[in-house]
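To start, the structure itself, in structure tokens.
The values are calculated or read from the model by the stated rules, or taken from the named source; none is laboratory data. All values reported here derive from a predicted model rather than from experimental measurement. Cβ placement follows ideal geometry from the backbone for every residue including glycine, while neighbour counts extend to all protein chains displayed. With ligands, DNA and RNA removed, areas are computed over all heavy atoms of the protein, side chains included. Shrake-Rupley method; radii C 1.70, N 1.55, O 1.52, S 1.80 Å.
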Amino acid sequence: MRLMVFVAIALTMLVADLKFRYLEVMRQSLSVILYPVEMAAATPADLVRNASTYFATLAKVQKENAALRDERLRVGERLVQFEQMSRENTELRGLLGMAQRLEAHSVAAQVLYAARDPFSRKVILDRGASHGVGAGQAVVDATGVIGQVSRVYPIQSEVTLLTDKDQAIPVTVARNGLRGAVFGAGRGQLELRFLPANADVQPGDELLTSGLDGLYLPGLPVARVVRVERDSQAFARILCVPAGGVESSMRVLVLSRAEPLPPMPDPADALPIAPSGKTRDAKSATGDTASSEAKASE
Amino acid sequence: MQPTNRSRRILQPVKLWFVYLSLCFALVLDLVPTGRLPGVPDWLALVLAFWCVREPLRVGMGTGFLFGLLVDVGHGAAMGQHALAYVLLAYGANALSRRVLWFPPAEQALHILPLLLFTQVLMVLVRLVAGAEFPGWWYFVGTFTGTLLWVPLHFLLLLPQYRPADRDDNRPI
């Protein structure tokens, strides 16, 4: 009898959490209680990490230092170019009367460890709500997007990696601007889904964020296409590998838009059979977002 | 109570605070970030199964549910996943208690193995139904290392009860 009660409660909680996400408040409050326990548990892992860096050989550090100096020179040259081009871009945009590019707000963070849940691909960062990290923000490393912040705790946050099953990110193909969405396919791979079998995608194509979702900044590298299969059904099966070190990078940036997008239009207002006053409002509202989206994707 | 039902030795009664202390310690061990290291046992399931077998009247499904929820939050798993598994584990261990206590610790471990395996299979099923990725076969290795740890755990967790009833100042423990 008691078994039935407990099983029923647990099953209800499972459905409420997995289907409807009702239990976030409970999770947050329990995580506050658990926080000191987690800190205590993380201590041995920190010790191991610190010990391994302590015993790294001098030669290795020197080699790494040299490599970093080389890279700094190379990047410095590109930075000069970039500054010049960004000045030029500002001037040209001013001449054309276009809106300025979106400003990014970034927080540097370190990956503490992989989350212990073996059913998903998530990592924990050492920055949280108190450092300005918010749920839904993009996480990038030096070479590309690696994931998205899925839960925020006071001084830590949980990032769902791109390779997590069914984690989605809207992208464009860099070569021709074709829009699509990349999903985690499991086993560390990504898949560009829902493109017709005759879509113009080739192995080697770079995929960039499109920014149409209002969360990611446009133009960040996401993945590279490795294989395109067009034989089976209406949709092409396009496999990609992530551009960033999704499973390996330790130092990351949490990126967000400095200013939020204008609110989405209410789909109910956009119906053509709505009263005349309402339709006019809806039209102007959709027009606004369409233009802002156009700006975002430029 | 004896170490096993065939033993002639009489143990001290268990202290409830020690039961909960060991469960909390297992919870801390469970939250140690080991990443994707294969073969790390589910410490809490092991300690919970131990106390459910030893003290079926005091430790049971309620304890399992509570600690299961804490593990769910700590691991970032689905709420209720470990709670469900631990409730059924506690039920099974309570039910096995009368039988298992007649065996020496090594043979007790053989009875616990299917129980632990069942909790893991249950969690995999729950998450697969919810649309998660199959974690790979190494996920189940943790159960077998946990089973191997049953004998040392049996000794360690009964240590406080091995103390003699009358305190002797000349004994170290």
Under 30 Å from B:Val40 (Cβ atoms), among the basic types (Lys, Arg), surrounded by fewer than 19 Cβ atoms within 10 Å (Cβ to Cβ) and at pLDDT below 90: is that true of A:Lys165 in this structure? yes
Hey, A:Asn198 hits all of (1) open to solvent by less than 30 Å² (accessible area, probe 1.4 Å); (2) of a type outside the set (A, V, I, L, M, F, W, C); (3) more than 30 Å from A:Glu103 (Cβ to Cβ) but one; which does it fall short on? (1)
Taking the residues in region A:43-53 that are of a type outside the set (S, T, N, Q) and free of Cβ contacts under 8 Å to residues at least 12 places away in the same chain as candidates, determine which candidate is farthest from the other protein chains (Cβ to nearest Cβ). A:Ala51
Which one of B:Val151, B:Val129 is away from chain A (no Cβ under 14 Å), open to solvent by 20 Å² or more (accessible area, probe 1.4 Å) and modelled with pLDDT of 85 or more? B:Val151
Restricting region B:16-42 to residues that are modelled with pLDDT of 90 or more and in a loop (DSSP other than H, G, I, E, B), the residue that is least open to solvent (accessible area, probe 1.4 Å): B:Pro41
Of the residues B:Ala49, B:Ala45, which single one is open to solvent by less than 10 Å² (accessible area, probe 1.4 Å) and within 14 Å of chain A (Cβ to nearest Cβ)? B:Ala45
Hey, does region B:110-122 have a residue that's within 30 Å of A:Glu24 (Cβ to Cβ) and within 8 Å of chain A (Cβ to nearest Cβ)? no
Mind listing just one residue for me: the one in region B:132-144 that is crowded, with 16+ Cβ neighbours inside 10 Å and among the aromatic types (Phe, Trp, Tyr) and, of those, modelled with the highest pLDDT? B:Phe140
Within region B:1-15, how many residues turn out to be open to solvent by 40 Å² or more (accessible area, probe 1.4 Å) and either under 17 Å from A:Ala45 (Cβ atoms) or of a type in the set (S, T, N, Q) (or both)? 3
Sole residue being modelled with pLDDT of 85 or more, among the hydroxyl-bearing types (Ser, Thr, Tyr) and farther than 29 Å from A:Gln110 by Cβ, chosen from A:Thr160, A:Thr172, A:Thr209: A:Thr172
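Show me the strands (runs of 3 or more DSSP E) found entirely inside region A:165-215 where at least 2 residues are within 14 Å of chain B (Cβ to nearest Cβ).
Once the strands (runs of 3 or more DSSP E) in region A:165-215 are filtered for at least 2 residues that are within 14 Å of chain B (Cβ to nearest Cβ), what remains is A:179-186, A:189-193.
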In region A:222-236, residue nearest to A:Ser210 (Cα to Cα) [restricted to those that are open to solvent by less than 90 Å² (accessible area, probe 1.4 Å) and either of a type outside the set (A, V, I, L, M) or part of a loop (DSSP other than H, G, I, E, B) (or both)]: A:Ala236
Does region B:21-32 contain any residue that is among the hydroxyl-bearing types (Ser, Thr, Tyr), touching a Pro at 6+ places or on another chain (Cβ under 8 Å) and away from chain A (no Cβ under 14 Å)? no
Looking at region B:68-93, I want the residues that are at the interface with another protein chain (Cβ under 7 Å from one of its Cβ atoms) and over 25 Å from B:Glu55 (Cβ atoms) and have a partner that is surrounded by 24 or more Cβ atoms within 10 Å (Cβ to Cβ) and of a type outside the set (A, V, I, L, M) with Cβ atoms under 6 Å, at least 6 apart or on another chain. Which pairs are those? B:Met79/B:Asp72; B:Gln81/B:Asp72
Considering only region B:71-118, state which residues are buried (at least 16 other Cβ atoms within 10 Å of the Cβ) and not in a helix (DSSP H, G or I). B:Gly76, B:Ala77, B:Ala78, B:Met79, B:Gly80, B:Leu101
Extreme residue, farthest from the chain's Cα centre (by Cα), among residues of region A:3-42 that are closer than 17 Å to B:Cys24 by Cα and more than 9 Å from chain B (Cβ to nearest Cβ): A:Pro36
